[in-house]
Amino acid sequence: MSLKGIMSIAGKPGLYKVVAKMASGFIVEGLEDDKRIPVTSTHKISMLDDISIFTEEGDINLKEVLAKIKEGNADGISVTSKSSSDELKKFFASVLPHYDKDRVYVSDIKKIVNWYALVKDIFDVEDEDEEGEEAPEESTEEKTTEKSEDKN
């Protein structure tokens, strides 16, 4: 599964996936408890696939950071969101050595650690790579089919 459709809602714990769209927002389902709630335009939401982390060279997508965490920690991560600030910084530096230490706060690292714990079983690095490659191929096939149908 990819990070598409998974969001964080300010003021609410955990992560949510979009189940349906409404006229005024979304119906979302919690990844932890499978509880469905309505989310309107008054809620502040952040889609995980839109989030980037500051590095010294530029920005890096959250899905790339999660993939690096998964690759380097196949047995599980050694920290939790309740770990000390020094442990969290050391862990994040091992995953992303060139992260911007002035703009990435400990609270951000805690969120990433929490989010990883929630999505580690459903997030698949291979799915992310395949989605990026398949999208252009599908659109090319559709255009070819449409053109051949128009000629007939």
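The numbers here are math on the coordinates, done by the rules we state, and not lab data. For clarity, every value in this text was computed on a predicted model and none was experimentally measured. Ideal geometry is used to build each Cβ from the backbone, glycine not excepted, and the neighbour counts take in all protein chains shown.
Descriptive notes on the structure:
- Selection count, region 44-103, where residues are polar (S, T, N, Q) and part of a loop (DSSP other than H, G, I, E, B): 6
- Residue in region 105-128 that is aliphatic (A, V, I, L, M) and in a strand (DSSP E or B) present: no
- Those residues of region 1-28 which are in a strand (DSSP E or B), under 20 Å from residue 51 (Cβ atoms) and not polar (S, T, N, Q), in sequence order: 6, 7, 9, 15, 16, 17, 18, 25, 26, 28
- Residue check, residue 3 under 19 Å from the mean Cα position of the chain (by Cα), within 23 Å of residue 103 (Cβ to Cβ) and crowded, with 16+ Cβ neighbours inside 10 Å: yes
- Of the set (1) in contact (Cβ under 8 Å) with a residue 60 or more places away in the chain; (2) surrounded by 14 or more Cβ atoms within 10 Å (Cβ to Cβ), all apply to residue 32 but (2).
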